[in-house]
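Engineer: Can you keep this structure in mind? I'll have questions shortly.
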Amino acid sequence: MLATFIQQVINGLMLGGSYALVAIGYTLIFGVLNLLHLAHGEVAMIGSYIGLTLVLTAMSQVGVLPVWVVLIVAMIGAGIVGIVVELIAFRPLGRKQLHITPLITTIAVAFVLQEAAVKLFGSEQRSFPVKMFEQLEAHDLQLGGFRITYVQMFIIGASLVLMGGLYFFVEKTQMGMAMRACAENTTTARLLGVNVHWITVWTFGIASALAGAAGVLIGLAYNITPLMGVNLGLKGLTIMLFGGSGNVVGAMVAALILGMIETMSVAYLVPAWKDGFAFGILILILLYKPTGLFGSRLQIEAGR
Amino acid sequence: MRGVINAVVGVVTGLFTLGEADLATIGINMIMGLSMFLPMTVGQLSFGQAGFMSIGAHIAVVLTLYAGVWFPVALLVAGVGAGLVGFLVGIPVLRLRGLLLALVTFGFAQVVEVFFLNFRPTGAAEGIRGIYPHTTLWYVYGFLALLVLFLARLRRSRVGRAFEAVKLDETAAEAMGVNVTGAKLMAFATGAFVAGVGGGLYAHHAVFIQYDNFDFKRSVDIAMYMVLGGMDVFYGPLLGAFIITYLSTALQFLADWRWEVWGSIVILTMIFRPQGILGRDTLNVRRWLRVRHATAA
């Protein structure tokens, strides 16, 4: 009983950690640009396919790659995809648009990315090769009655490291400071000499790289399909609002809470209503605490 | 080059060979586009019209299939049912504005989807089969005509002017004595009513419904009709619904590339016409005449 419970806690941490990486990207883009990027989940999906392709090609050429190499390459690939999305679907719209315009263009991008994934990788469910996991099994931890696999440790560890790194980047570096300035007020930031276009590109790149990492981690834990981005995107959005839009630390905490709620409700309540729970929570938060649990840095209610 | 010309010719000639089923789908989508336009007349972005459509479809089907109710009555009840849900949902939800409202209504549609996925009496995940194909072009375009008449009259009416005022500036409207909350609720519930009737028509056209006929992709499609066609005038969503529904069949010849082409069309439209293809002045004959007059002089 206790062993299964601890297993559920680990599952919750894994899921929450991966969700957090998606949600942080959402919150960064929303914070800096005050825009919803609805193709963000699809960028994560592309990231996991990049990882999968890399593993499969490497396996036929040289052998099994270390997991962290796969993670880093997927992050770089997804980052580039994210920057391309910014250049195609956000930049040309200019600053005068209504809030619904970027919603529509990014949805269009999301559908195109889904179709591209179906075309390139097929619509069936894929997962990382068993051979890769066999090699990693040697590092599994056996603690008393239950075991923690290396993959589980890697997923939790990697998400924690990336979250920590991002926190350091946003709070302590000069570019992080410029990003926060843009989030506060774009016009003032520009007047103070911040290159807003450059910061926008970087924000997209970093947010998308985190999403790519999340894609690989989810792919390691579950499986990869061209439609996985839809669910990831919706969860990321829920978490962003839950934690307070534009609030990076809030997103981290909220992601862990939601990951926990989701695994526990699957394990101990009715699994079919899982998504109903998530959206029920979303609606209640929006209605009664639109700034999220931990406060929002932004005024999004005053829609243009 | 030859290929391009053939493609263009194909798309144009396709217009004259639209079958009855295509026309019905286009009409239903136009109705759905207008259902989203109605909340927009008070500036409310409702992103979950598929939820109301789902409710309407299920009510109508249960009535005709299990209770043997006459189809028009079933449609009316479906509309009223969806409108009532819209009214009840609207009371708490309409305090929000802009993106937040879009998200809440979107979440509402998701919850409706999960509800029908688990609701045994309507077949849960299996959906309902064997629905009578009651929907004819007469029903679809008859209702559409009524709706267009209503919207055309609305613009010049007292209520329509109140909606317009709320859309432009809520505080000013309130100060002028407009009941802002009432106007919003009315527009939102009417939109839900229209979506419910549209759902009933859809169900008796498709003869098979399932929870995921009304998923987020449907909501997005409906939003596309309005945003692409134009969200300031009621004939905008009509054009948008027509273009998108028609292109999705006419672009079949592009086979593998049709999503890329579709995506580019959407993005380009948003770049050059952020308010949609048809704006307030696009079809204003008087303005055109004045422009011609000015150039002549």
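Engineer: Hey, can you grab everything whose amide H is under 5 Å from the amide H of residue B:209? Only 5+ residues off in sequence or another chain; H modelled, so Pro and N-termini drop out.
Structural biologist: When sequence neighbours closer than 5 places are left aside, the close amide H contacts are B:128.
Engineer: Okay, moving on. Please name which of A:7, A:128, B:122 has its Cα lying farthest along the dipole of the protein assembly as shown towards the positive end, using unit charges on Cβ (Lys, Arg +1; Asp, Glu -1) and the Cα centre as origin.
Structural biologist: Farthest along the dipole direction, towards plus: B:122.
Engineer: While we're on this one: Between residue B:264 and residue A:148, what is the spin-label point distance in nm, taking each point 7 Å from the Cα along the Cα→C-beta axis?
Structural biologist: 5.1 nm
Engineer: Let me know the shape class of chain B, please: from the alpha-carbon gyration tensor, a ≥ b ≥ c as square roots of the eigenvalues, rounded when a/c is under 1.5, otherwise prolate if a/b is greater than b/c, or oblate.
Structural biologist: On the way: a/c = 1.71, a/b = 1.10, b/c = 1.56.
Verdict is oblate for chain B.
Engineer: Using a ≥ b ≥ c from the Cα gyration tensor of segment B:39-159 (square roots of the eigenvalues), is it rounded, prolate or oblate, where a/c under 1.5 gives rounded and otherwise the larger of a/b and b/c decides, a/b for prolate?
Structural biologist: Values: a/c = 2.48, a/b = 1.19, b/c = 2.09.
Judged from the Cα gyration tensor, segment B:39-159 comes out oblate (a/c at least 1.5, b/c at or above a/b).
Engineer: To continue, here is another question. What dipole magnitude, in Debye to the nearest 20, does segment B:1-152 give about its Cα centre under +1 on Lys/Arg Cβ and -1 on Asp/Glu Cβ? Intermediate results must be reported in sequence, preceding the final value.
Structural biologist: Values: 5 positive and 4 negative charges, 54 e Å.
Dipole of segment B:1-152, to the nearest 20 debye: 260 debye.
Engineer: Working from Cα positions, state the angle (0 to 90°, nearest 10) between the long axis of helix A:40-61 and the longest principal axis of chain A.
Structural biologist: 40 degrees
Engineer: Right, here's the next one. Can you show me the helix-derived [θ] at 222 nm for chain A, built from DSSP H runs with n ≥ 4 at -39,500 (n - 2.57) apiece and divided by the number of residues, rounded to the nearest 500.
Structural biologist: That comes out to -24500 deg cm²/dmol.
Engineer: For a 23 Å ceiling on Cα separation, which of these pairs sit above it: A:289/B:217; A:289/B:184; A:235/A:289? Write down the numbers at each step before the final one.
Structural biologist: On the way: A:289/B:217 28 Å; A:289/B:184 21 Å; A:235/A:289 18 Å.
In this structure, A:289/B:217 lie more than 23 Å apart at Cα.
Engineer: Explain nothing, just compute: Karplus ³J(HN,Hα) = 6.51 cos²θ - 1.76 cosθ + 1.60, θ = phi - 60°, for every residue of segment A:122-139 in order, whole Hz, x for Gly and Pro.
Structural biologist: 3J(HN,Hα) across segment A:122-139, in whole Hz: x, 8, 7, 5, 10, 8, 5, x, 4, 4, 5, 5, 4, 5, 7, 4, 4, 8.
Engineer: Could you tell me which residue out of B:239, B:203, B:181 lies farthest along the dipole of segment B:19-296 toward its positive end? Charges go on the beta carbon: Lys and Arg +1, Asp and Glu -1, centred on the Cα centre.
Structural biologist: Checking the options against the dipole of segment B:19-296, the answer is B:181.
Engineer: Order these by the 10 Å Cβ neighbour count, fewest first: B:138, B:262. Working shown, then result.
Structural biologist: Details: B:138 8, B:262 20.
Final ranking by Cβ density, sparse to dense: B:138, B:262.
Engineer: Using the Karplus curve 6.51 cos²θ - 1.76 cosθ + 1.60 with θ = phi - 60°, what ³J(HN,Hα) values do you get for each residue of segment A:223-233, in whole Hz, with x for Gly and Pro?
Structural biologist: 8, 10, 9, x, 9, 5, x, 4, 5, 4, x
Engineer: Straight-line reach from residue B:167: which aspartates and glutamates fall under 14 Å, measuring Cα to Cα and dropping same-chain residues less than 8 apart?
Structural biologist: Reachable aspartates and glutamates: B:232.
Engineer: Counting other beta carbons within 10 Å of each Cβ, put B:132, B:211, B:246 in order, fewest first. Don't skip to the answer; put the middle values down first.
Structural biologist: Values: B:132 12, B:211 22, B:246 18.
Listed from fewest to most nearby Cβ atoms, that is B:132, B:246, B:211.
Engineer: Taking the Cα centre of the protein assembly as shown as origin, sum charge times position over the Cβ atoms of Lys and Arg (+1) and Asp and Glu (-1), and report the length of that vector in debye to the nearest 20.
Structural biologist: Working: 36 positive and 27 negative charges, 359 e Å.
Here the protein assembly as shown has a charge dipole of around 1720 debye.
Just so you know, all these numbers are worked out from the coordinates, no wet-lab data involved. Small disclaimer: the values here were computed from a predicted structure and weren't measured. Neighbour counts run over all protein chains shown; Cβ positions are idealised from the backbone, glycine included.
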